[in-house]
Each structure stands twice: as C-alpha cells, then as structure tokens.
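Just below is one structure, and these are the notes that go with it.
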Amino acid sequence: METTIYALSTAPGRAGVAIIRISGPKAGDVLDVMTAGRRPAARGAALRRLQNTEGEVFDEALVLWFPGPASFTGEDCAELQVHGGLAVIETAFETLETLGCVPAEAGEFTRRAFENDRIDLTEAEGLADLIEAETEGQRRQALAQMTGALRGLYEEWRESLISILASVEGEIDFPDEGDVPDALSHRAFEPLVILIASMQEHLDDGRRGERIRTGFTIALIGAPNAGKSSLLNKLAGRDAAIVTDIPGTTRDIIEVRVTMGGYPVIISDTAGLREAVDAVEAEGVKRALDRAVQADLRIGVVDARSDEELADLQGRLHDDDLLVLNKLDLAPGASADGAYPLSAKSGEGISDLEARIEAIVQERLSARELPALSRARHRKNVETASEALGRALSQLAAAPELAGEDIRLAIRSLESLTGRVDVEDVLDRVFSQFCIGK
Amino acid sequence: MSAEWDVIVIGGGHAGCEAAAASARAGARTLLLTHKLETIGEMSCNPAIGGLGKGHLVREIDALDGIMGRISDVSGIQFRLLNRSKGPAVRGPRTQSDRKLYREAMQAELAATVNLTIEAGAVEDLIFDEGVCKGAICSDGREYRAHGVVLTTGTFLKGMIHRGQERIPAGRVNEAPSIGLSDTLYGLGLQMGRLKTGTPARLRKSSISWEELDMQPADPDPVPFSFMTDKITVPQIECGISRTTEETHRIISENIDQSAVYSGAIAGRGPRYCPSIEDKVVRFADRTSHQIFLEPEGLDDDTVYPNGISSSLPDDVQDAFLRTIPGLANVEVVRYGYAIEYDYVDPRELDATLQLRKAPGLWLAGQINGTTGYEEAAAQGLMAGLNAAFAAEGKDPLILSRSEAYIGVMIDDLITRGVTEPYRMFTSRAEYRLMLRADNADQRLTEKAIELCFAGPARIERFQTKMGELERAREMARSRSLTPPEAKKAGISVNADGKRRNVFDLLAYPDVDWDMITAVWPELAELSEETVEQIEIDALYSGYLERQQADILAFRRDEAVRIPTGFDFGSVGGLSNEAREKLERARPETLGQASRIEGVTPGALTAVLAHLKRKQKDAS
Ligand SMILES: Cc1cc2nc3c(=O)[nH]c(=O)nc-3n(C[C@H](O)[C@H](O)[C@H](O)COP(=O)(O)OP(=O)(O)OC[C@H]3O[C@@H](n4cnc5c(N)ncnc54)[C@H](O)[C@@H]3O)c2cc1C
Ligand SMILES: Nc1nc2c(ncn2[C@@H]2O[C@H](COP(=O)(O)OP(=O)(O)O)[C@@H](O)[C@H]2O)c(=O)[nH]1
Ligand SMILES: [Mg+2]
C-alpha cells in the first residue's frame, strides 16, 4: 500500500502562513484527528482549530480537503495553512508522524501526480523542471538553516563512515596482503563509538523536543529594585508583574509565556537576591535561585548606577548568560563588557536585547537541528543509522561481513545528510592507506 | 548468404575459452580462432585463480556449467580458502595453478567439446554486412562467416611492452600485437582508450635459497572451485615468503627515472591494487619493506613467480634490486618484468549482453573491455558466448542482475559506469553480498542453465540431487520447533515469550550448534555435512537477508522498467544537458541502470519514465 506523505510547501519563516501538504490514503483520517472530527467539505476550505493526538490545540488554521482522484496527486490530499512559526510547524509534523505519515522524498508529490496520470503526459516535458524545482526547493530549505557547525558535523560523519567502512572492507577484500593488518576492522572500533555518540547527541540535542513543547525558559535575576519586573513587563508587552519601588515586592515567581523567534518562551520574574527580611520572602529567594539554576538562560539585571550589584551578579551568571544594565535613563552612557544597557522604563535599548534573546532561542532550539522540513525524515534516518552502527559495533570482531552490512545500511540512510558514499570512495581510502598488490 | 558458423570466437585466452565453450554448450556451431593453438589457456601473468570476489566469479561460472572451475581444480597446486575465519559470504577460494597443467587441461577440454572447432589464425579484420558483424578475416586472407562474433583479444590490441627505455610492440612477451583489429574498432567510431598493467621478472627456482625463507603451506583440506569436484587430487606445494629491504627501495628510488612508467613513456592508467614495485616505493615512501610471495609456476617447473614486485625497470636494475631481497642473493632471472600498454574499448559502448551497440553481431569480452584478471575475463566470455549463441538461434538473451550474481554486478558496473583503471572484482562492489555467496552460486544460477538448456546432464543430475536433499532438509528444519521451556530443557536459553522457534531460529543463537539440534531431533543427524552447512548459513544470515528483501524488491521494480534500444534521450524534454549527455553515453537499458549513473537526478529519471509511458500510450 502507498504511504501517506507530507511536506512543507512554503519556506519556513517566522511570519506569515506555512502550507503543509499531505497526500495518501490516510489524509482524510489525519484531518479528522487534527480537526476533532470537523473535516471540511470536499474541495472546500474552512477555518479549524488544529490539535495534536493528545487533543491539545496548537493552532488555528485554514484547512483544505481534496479527496482523490480529482486532486493534485490523484490521491486523497489535504492542505493545512498554519501560522508560520516553527513551533507550530513542528507540532504539526510530530502529529503527522504519530499518525503514520512519512516526510515526502525529493520530488515525490510530483512523481505521484505523474504516476496517477494527474499530469497530462503532454505536460510531461516540464516534469523534470517541476521535480527539480521541488527537489531543489527542499534541498535549499534543508541547507538554508544549516549552520556551519552542522555542516561540519555532517562532513565529519561522512569522513568517519568512509574510514570505518574502509577498515572493514579492507579486511574482507584483501585478506592475503602483507600490508593489510589482520585485524584491520578493529580500527573501526573507536571511530564507530565516537560516531554513534555524536549521533546520539545530535538526536538528544539538549531535550530539544521537550523544550519546544514546554517552552524555552528564561530567569530574570538581580537585586531588589534593579528593575526585573519592569523588564518582564516590557518583554511581555503587558503588565504581568507588579512594579513598585518597595524592595521585595515580587515574592513568588511570576511567569509569562511569550513567542520569541518563533518558539514559545517562558520568562520568569523572581524575587530579588538579597538577605530576606521575612519568611515569605526568604522562600521566594530560594525559589528564585532554584529557578535560575534550572532555566535555559539567565538574564542578570542590575541598576546601572550600582557597581556592587554588578560585581555580585557577575559571579552568579554563566558564560553564555546575559547581563542587563538597567535604568540607562538615570545613568546615561553606562556600559559594561558584553552587557546590554537599556531602560526598562523608556524602552530604550530593549530591542537589542530582544533580538539577542530571539537569536539564542533559535540557535538553541533549531540551529543545532535541521530545518523543519527535512527534520523529521533526517531524524528518522539518523536513528536508523545509529541503530545499525550499534549492531555493527557488536559484530565487528566476530563477523566483519555483518558489521559491513550494517555500516552500509547506515550509509544509505544517511545519504541525505552526508551525500552519497560510493564504493569507489571506500576503495580509494583503502588503496591510499595500504599498499595493496600482490 | 548462409554462414558456416553460428558464432566465431576470436582469441583463446580466458575470455575466449569460456566464450567458445559456452557458445558450443548452448548448441551453436562455434569456431574458435586464435593466434596459436599452443597458447590456448595461457596465463599471461600470475598463475593463480580465485581470491575474494574473483573466487566468487569462478563459482558462478561453474554454476552456469562453465569450465574455469573444473580446469582450476585439476591444475591447482596451492589451494587456500581466504577469510576462512570469517563468515561464508566473504570466504574466497583461491589456488595457485600449475601453468602447464592449466593450459593442457583447458586445451583438452576444448578439444573434447562438441559443436566446437578450433583453428589457428591471426584475425586482421571483421566482416560487416549492413552494419552487422558477420565474420572475420585472417592475415593470410582466410575468411570465415558467422551469425555473430565474440572478440576476446585481451592485451593484444596495439599492445606495447615497456621495459626501461625499450619499447616492443607485443600482445604478451614474444607474441605479436593485433594492429589491424584495433583499427577496425576505431573505424566503428567507438570510444577507446589506453590502459596498462605489468608483470614481474620470472626467477629460476634452483637459484633461490629456499632455506632462508618462511614457507606458506596450502590448506590441509583443499576446497575445490567446481560444484562437480569431490576432491582435489593434484599434489599441493608450499610457496616462499620474503620481503623487500631498504636497500631494494634505495636502488629503485635511485633509478626511478629509468622506469618506463615514471619516465612518462606510458600514458595508460594502471590498476591501483596491482601497483609495480616502483609505484609502491614512490607512493608509500614511509614503508621500508613490502611482502613478496615466491610462487612456483608448476609442480615440475623451474620457474618462480615473485608476487608483488612487478617492474618495468631496465634489466640491470631489476637484477640489482632482486639480489637485495633475502633468499634471492644469487637469483637467476629467466625473464625480466615489463609493463604493457594496450587499447581497450570503453565498456559503456556495450549493452547488457556485452554486444556493441554500434556494431550488432559483435560481442566483446575480457581485458578488451577494460577489466583485468582471468576470472573477470572468463565470466564475461561466458556471458558473451552464451548471448551470441542465443542471438544466432533467435532466443532471448540471458542477463544477470546485480541482485543475482557477481557477474551481474560486474557487467552492470562496466556498462553503466565505465572504467578509469583496469576493473577488478571486489566483494565490496556487491550491494547484496550476503546473498551472493560462493557457497550458493549453484542455488542461484544452475537452474537458469538447466532452463535455457546449456547445462550438461552430469551437472543437472548432481544439482537436482543436491537440491532435493537441501529442500527436504530445509523442510525438516522449518517444521521442527521448540517452545521456550522445551528449549530451556535442551540447554538453549531463549526469551520466555511463548513463541515456538524452529531449527533456523534456534541456530541463529550464537551459542547453539548443530550437535544441540541433533540432540533434540536425532533424525536430523543423517543429513550430510554439506547440507547442514547450508542450513547453518541460512540461519546465520536470515535476519539480514529478510531486511534486504525490501531493498531488492525496490531495486527490481526499477530494473523492470526497460528503456528500448535506440531510445532518443534528446527527445525527452526538460533534461539538463549534463543528464542527457550522461544518459546518451551510458545508454542504460533499464530505469534502474539509469539511476546508478552519476549525475542523473530524480527529476531526470521521472522525465525519462514519463516519456516512456507516453510512448506506450501512443502505441496502444
Ligand atoms: C603482462 C600482464 C600482466 C598482467 N597482470 C595481471 C595481474 O597481476 N593480475 C591479474 O589479475 N591479471 C593480470 N593480467 C591480466 C590477465 O592476464 C588478463 O586479464 C586475462 O588474461 C585476460 O583474459 P583475456 O581472455 O581477455 O585475454 P588474454 O588472456 O590476453 O587472451 C587473448 C587471446 O587472444 C588471442 N588473440 C589476440 N589477438 C588476436 C587476433 N587478432 N587473432 C587471433 N587471436 C588473437 C591471443 O593470442 C590470446 O590467446 C596481466 C596481463 C598481462 C599481459
Ligand atoms: N528611571 C527608571 N526607573 C526604573 C527603571 N526600571 C525600573 N525602574 C523603577 O525601579 C523600581 C523597582 O522596579 P521593579 O521592576 O519593581 O524592580 P524589581 O524589584 O527588580 O522587580 C520601580 O519604581 C520602577 O519604576 C528604569 O529603567 N528607569
Ligand atoms: Mg519585582
């Protein structure tokens, strides 16, 4: 039976609408689940709340339903026009995966359309262009958000796959060569362990999935009256925290949920860090500290006029945390190394801080990963590869031909990331490393 | 005009012998034309057959009732099963051969082959009739007509031997090259090129100090190549092992500019896996020593082949460096080493039966197609000979796929990817390696030989008996199973999941052996050792093979979409120039083949498919 495929047909961005296309026998069922049974009429569009398989609503979207065979691909098709944020797109993808859909291969929509005779064969001339465009679009999207670090990682993987396979194949194909050590494949052991670890880390990726669901957490810390609550209100765009000039006003933790860089972010305002005067406040301070430790990012807030506050906070912040010099209006020209001078009151300097936070959120939640479109498939491929390499590791000594089989499987499933590893690449490595030739 | 012959095979090397025998076996009236009757079956280089990948090819040739396996079994003097300690998929049978025994056995075999006539003659030109190859013309003017011609001239096309600054036109040492034929091929407008290979000096056995050397014995229980051979009866010998020294390397480095290869005299590319000693010294300058096997060329032959030091240095330099090698201080050289450069035809000019697309009726096999090695040559010869015979008889061709045979892998590699250096088989080239084993070549292929009527009666009988026993044994193994508690009682610990496990499942556990199985089911003890081994291999690989099945299905689906000969890729709209050029050059016969051509994208594939579909529609 045909699979049901999905793909993003617009570039993923922060603003605007993202269109997710779905094609295959499950398209109808998928719509039913995601719209809580309110599938639009055939060939119609309707505004619907979208929910995941747990029943949690994650977006409101324009939903279109085209039953086959009179659809673009000739199969049952659906389209979700969701809000363009990455978090929404990812939740949609996750839901689709859970419901048994698979990410489309390069050019697969067009190919299906063609195979179901939905593209008039007289139009077939343009088909290659169409598919090339679809494929190229997918590839560009895949590369667009790939940072240098990520590309470097894939290159490392490719290198190490070639050398791992060269060791194994070298031992198998050149057993009678003076220059090829007997237990050559044992040399693959260490690179295999490293590669698997690297893939695992890539997959775990700092509990990314979890953070996308629960939100990226930021704790504001600093001395009483530094202006934490004021800053929170500014970032949230509404009065979430009470602002007074009595130190210790914020005794419990106040959290606000905002969207930054396309991801949900939770900012918590905490009690000021000082010797507490009463028990309630003492508890507040304790929680503030706990919260600060757990948060994904800490923003230290100091009154720009106070050197002691600055010194005290600098000791508590991690290297990649942020420091804000507040009340710039009262201390014009204040500055400190790497700090953001701003005024929570006038709003001056806030946008720089916001931009920096957005960048951090995006980097931590998405840059280490692949862009939304190809992520699901790539993730699955990396999982398959890492499992196969795990098996290879256990077979290396006893049955190198089975290890070889699993390594080849891993290579095939990683081709979309690392590019094709041809047997010639592997033989090249063998011949350049060893003097083969009896 | 009626032809005297169905098939003419030109060249009595390894490709030619196998081609002639196969064509005759398939019932075609076959003529083998070669320079000299005495050099039929000659081993130009190292007298050894088999190895990893190559041994697999020999088994496949044998499974198709070819002759190389049987000839090797009656002439092999040092059988060794390589990778014995590894799994059955990557064990490669190999032997050194007695050069004379091999040649004699080959000549006797061909002489006794029905439908086959052998004549001596140097072919100068081919006969074409409206573009179709219809025969051959010898240098003395004799003409022979046929329905098809198989050309297997090895290294002879404009062959040029290099040794130091010396240059001798030759196909092999002391044998004249073929110039006329090469011109004929150029005249067909074929893409051609130059490749090179080399051979070491031959040494006088009695001049070697064997007592100074380590010796490597043959296996105590030689494993034959042929499924028809029960036991190897040729006496087995040892070969010596020595090494080059720093002094050897110094002499070579100092004289490197006198080497034909390094002086720039040779343009053709040599194989990276068969480098000359000059190459080794230059490319692996950090190594101070390389291993050398000293292999006697026969039981009563006074010649020794020093494996690992092929060279095209001048005679005096060869003498000098040889004497620095332990055991060779007083060595006497029988014949000096040389490099040889020759014409080959870009194999992308061939279709999957090895017929030239630009010259129907003309099949090419062996080194002429850019391969190296006896086994590669013989395997191609077999396929070309069979298909030439089938074409003469008006039958469908036999094409083996990558998922069926190493032969299929090799031919597909050649015709879709071409070569940049002499092509040699390795097991790593086979994506379905676990399935394409030396041990099951007959199970994969012999049925085809029987169906297409080119297997002899003895082969058929032996095969059917074996398969009968194997099927019975497999059925016994499938139908006998244990529950987890029963397994536990038999000393086999499995998950207590309530699942019954049959003999295959149980054998897949690493600590379960056949004795434990026969302890439970004594009736299985009657199975032959050979049968039990097959059952064990089935069990060992079953998990992996199942996983591969889906891959193979997808592979076969694309393989089943045929692209007709003469398909005009230029008429497919939307193909990039690059894709079109690549497709036109390789002329894939199936969509699967097209997908393996580097630079052919999914879009290009779909465009081709669309075009094919439209043509089908227009036709109906
Ligand atoms: C110097 C040298 C070194 C080699 N080294 C190695 C090596 O290290 N490892 C390896 O695996 N392989 C090696 N080979 C390759 C191996 O010998 C060949 O690949 C194999 O023999 C090719 O078989 P063939 O049938 O294609 O050609 P060949 O065995 O070369 O046979 C060609 C036959 O055709 C006949 N012939 C040619 N032209 C004509 C004509 N016009 N008319 C009639 N008859 C003709 C010749 O007489 C000969 O009998 C070497 C070959 C040479 C020459
Ligand atoms: N002038 C000025 N006053 C500020 C600024 N930010 C906060 N304040 C004032 O400082 C006092 C303490 O602010 P608050 O946000 O409650 O501080 P918190 O204790 O750190 O939460 C309030 O009176 C604010 O109005 C600022 O940027 N400029
Ligand atoms: Mg406060």
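Considering each of B:Glu404, B:Glu447, B:Glu393 in turn, give the residue that is more than 22 Å from B:Ala24 (Cβ to Cβ) and not small (Gly, Ala, Ser).
B:Glu404
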| field | Checklist (1) open to solvent by less than 10 Å² (accessible area, probe 1.4 Å); (2) hydrophobic (A, V, I, L, M, F, W, C); (3) in contact with an Asp or Glu (Cβ under 8 Å, 6 or more places away or on another chain) applied to B:Ala19, failing item | value | (3)
| request: Pairs only if they're at least six apart or on different chains, beta carbon under 6 angstrom, first in region B:521-535 and within 17 Å of B:Arg462 (Cβ to Cβ) and touching a residue at least 24 places away in the same chain (Cβ under 8 Å), second part of a helix (DSSP H, G or I) and open to solvent by 40 Å² or more (accessible area, probe 1.4 Å); list them, first residue then second. | output: B:Thr531/B:Glu469
| Can we say B:Ala339 is touching a His at 6+ places or on another chain (Cβ under 7 Å) and open to solvent by less than 10 Å² (accessible area, probe 1.4 Å)? | yes
| note | In region B:282-325, residues that are within 14 Å of chain A (Cβ to nearest Cβ), assigned to a loop (DSSP other than H, G, I, E, B), surrounded by fewer than 22 Cβ atoms within 10 Å (Cβ to Cβ) and not aliphatic (A, V, I, L, M) total 5
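Here's the yes/no breakdown for (1) open to solvent by 30 Å² or more (accessible area, probe 1.4 Å); (2) at pLDDT below 85:
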residue: A:Thr122; (1), (2): yes, yes
residue: A:Arg139; (1), (2): yes, yes
residue: A:Ser160; (1), (2): no, no
residue: A:Asp176; (1), (2): no, yes
residue: A:Asp182; (1), (2): yes, yes
| said: Suppose we keep only residues that are surrounded by 15 or more Cβ atoms within 10 Å (Cβ to Cβ) and closer than 13 Å to B:Ala519 by Cβ within region B:480-489. Which one would you say is nearest to the chain's Cα centre (by Cα)? | reply: B:Arg480
| request: Return the only residue of A:Val280, A:Val301 being out of contact with any Phe, Trp or Tyr (no Cβ under 6 Å at 6 or more places or on another chain), within 16 Å of ligand 3 (Cβ to nearest atom) and modelled with pLDDT under 85. | output: A:Val280
| field | region A:404-427, subset modelled with pLDDT under 80 and within 9 Å of chain B (Cβ to nearest Cβ), residue least open to solvent (accessible area, probe 1.4 Å) | value | A:Asp422
| note | Taking region B:573-596 and keeping residues assigned to a loop (DSSP other than H, G, I, E, B) and open to solvent by 10 Å² or more (accessible area, probe 1.4 Å) leaves B:Gly573, B:Gly574, B:Leu575, B:Ser576, B:Arg587, B:Glu589, B:Arg596
| task | Would you check which residues across region B:112-126 are away from ligand 1 (no atom under 15 Å from the Cβ) and within 17 Å of B:Gly385 (Cα to Cα) and list them? | result | B:Thr113, B:Val114, B:Asn115, B:Leu116
| request: Go through region B:75-87 and give me each residue that's under 19 Å from the mean Cα position of the chain (by Cα) and not small (Gly, Ala, Ser). | output: B:Phe79, B:Arg80, B:Leu81, B:Leu82, B:Asn83
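Restricting to region B:560-599, count the residues that are under 25 Å from the mean Cα position of the chain (by Cα), modelled with pLDDT of 85 or more and more than 14 Å from chain A (Cβ to nearest Cβ).
Here the count works out to 6.
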| Is it the case that region B:328-350 has a residue that's under 30 Å from B:Glu584 (Cα atoms), part of a loop (DSSP other than H, G, I, E, B) and more than 14 Å from chain A (Cβ to nearest Cβ)? | yes
| In region B:128-136, is there at least one residue being within 11 Å of ligand 1 (Cβ to nearest atom) and open to solvent by 20 Å² or more (accessible area, probe 1.4 Å)? | no
| field | Residues that are facing another protein chain (nearest Cβ under 10 Å), more than 12 Å from ligand 1 (Cβ to nearest atom) and open to solvent by 10 Å² or more (accessible area, probe 1.4 Å), drawn from region B:263-278 | value | B:Arg272
| Among B:Ile71, B:Ile8, B:Ile40, B:Ile49, which is under 14 Å from the mean Cα position of the chain (by Cα) and of a type outside the set (Ser, Thr, Tyr)? | B:Ile49
| field | Filter pass, A:Asp239 being surrounded by fewer than 18 Cβ atoms within 10 Å (Cβ to Cβ), more than 16 Å from ligand 1 (Cβ to nearest atom), at pLDDT below 80 and under 28 Å from the mean Cα position of the chain (by Cα) | value | no
| message | Given the criterion open to solvent by 10 Å² or more (accessible area, probe 1.4 Å) and either within 14 Å of chain A (Cβ to nearest Cβ) or away from ligand 2 (no atom under 16 Å from the Cβ) (or both), identify the matching residue among B:Thr371, B:Thr420. | response | B:Thr420
| Scanning region B:374-400 for residues that are in contact (Cβ under 8 Å) with a residue 60 or more places away in the chain and more than 24 Å from B:Ile49 (Cβ to Cβ), which turns out surrounded by the fewest Cβ atoms within 10 Å (Cβ to Cβ)? | B:Glu393
| Which members of region A:62-84 meet the condition of being at pLDDT below 90 and either farther than 28 Å from A:Glu115 by Cβ or among the hydrophobic types (A, V, I, L, M, F, W, C) (or both)? | A:Ala70, A:Phe72, A:Val82, A:His83, A:Gly84
| said: Taking the conditions exactly as written (modelled with pLDDT of 85 or more and under 30 Å from B:His290 (Cα atoms)), does A:Glu401 satisfy them or not? | reply: yes
| query | For region B:423-468, which residues satisfy the criterion of being within 12 Å of chain A (Cβ to nearest Cβ), over 17 Å from B:Gln380 (Cα atoms) and either open to solvent by 20 Å² or more (accessible area, probe 1.4 Å) or aromatic (Phe, Trp, Tyr) (or both)? | reply | B:Glu431, B:Tyr432, B:Met435
| Only one residue in B:Pro93, B:Pro88 is surrounded by fewer than 24 Cβ atoms within 10 Å (Cβ to Cβ) and either more than 16 Å from ligand 3 (Cβ to nearest atom) or over 27 Å from B:Ala458 (Cβ atoms) (or both). Which one? | B:Pro88
| query | Looking only at region B:35-46, which residues are open to solvent by less than 10 Å² (accessible area, probe 1.4 Å) and touching a Gly at 6+ places or on another chain (Cβ under 8 Å)? | reply | B:Ile40, B:Gly41
| message | Looking at region A:217-228, I want the residues that are without any contact (Cβ under 8 Å) to a residue 60 or more places away in the chain and have a partner that is more than 9 Å from ligand 3 (Cβ to nearest atom) and open to solvent by 10 Å² or more (accessible area, probe 1.4 Å) with Cβ atoms under 8 Å, at least 6 apart or on another chain. Which pairs are those? | response | A:Pro224/A:Leu273; A:Pro224/A:Arg274
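The values are calculated or read from the model by the stated rules, or taken from the named source; none is laboratory data. Just so it is clear, the model here is predicted, and its values are computed rather than measured. As a convention, Cβ positions derive from the backbone with ideal geometry for all residues, glycine included, and neighbour counts pool all protein chains shown. Keep in mind that these areas ignore ligands, DNA and RNA; they rest on the heavy atoms of the full protein, side chains included. Shrake-Rupley method; radii C 1.70, N 1.55, O 1.52, S 1.80 Å.
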